[in-house]
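Read the figures in this text as sums done on the coordinates, not as results from a lab. This one's a predicted model, so the numbers in the text were calculated from it and none came from an experiment.
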Amino acid sequence: MQISDIKDLMAQFDQSSLREFSYRAGEINLAFSKNESLALSPVAVATPAPATTEVSSPAAVSQPASAVAETDPIAPSLAEGDVVESPLVGVAYLSPGPDKPAFVAVGDRVKEGQTLLIIEAMKVMNEIPAPKDGVITEILVANEEVVDFGKGLVRIK
């Protein structure tokens, strides 16, 4: 992948409504994010390419993916309960609309099948139901956060 390709991807990402984008091909791994919790916006991560390809532009941050993970420390959770994981990749919404109250809050009792949040994927709103009756002990995502498959969403005890 050439630096011009990376610049094109960055420009397209910047003009899109996407909050996060990642691309992996062989030894190349790019990740862009517009989320406010990150220090750099957008972020491009490129792992070292084969010796014949050289990326030498300040537009791309060249470092191993493990170094990026170390800059975003994840605090261990003290809350109890089972984690409800995301069944798909998309944008998490904690309420049914911008001016509506959240589906659930910490301390709320929920019934099996009750909507915990919505994940938007490909313009489709997917309700995430509670897998069991219980009490919400922790909400693990922020409103409008991009979530990956398997990411913890809420914790139910």
- Query: Cα to Cα, under 20 Å, and not fewer than 8 places away if on the same chain: which lysines meet these conditions relative to LYS132?
  - Reply: LYS111, LYS151, LYS157
- By what distance, in whole Å, do the Cα atoms of segment 82-156 stretch along each of the three principal axes, largest value first? 30, 28, 19
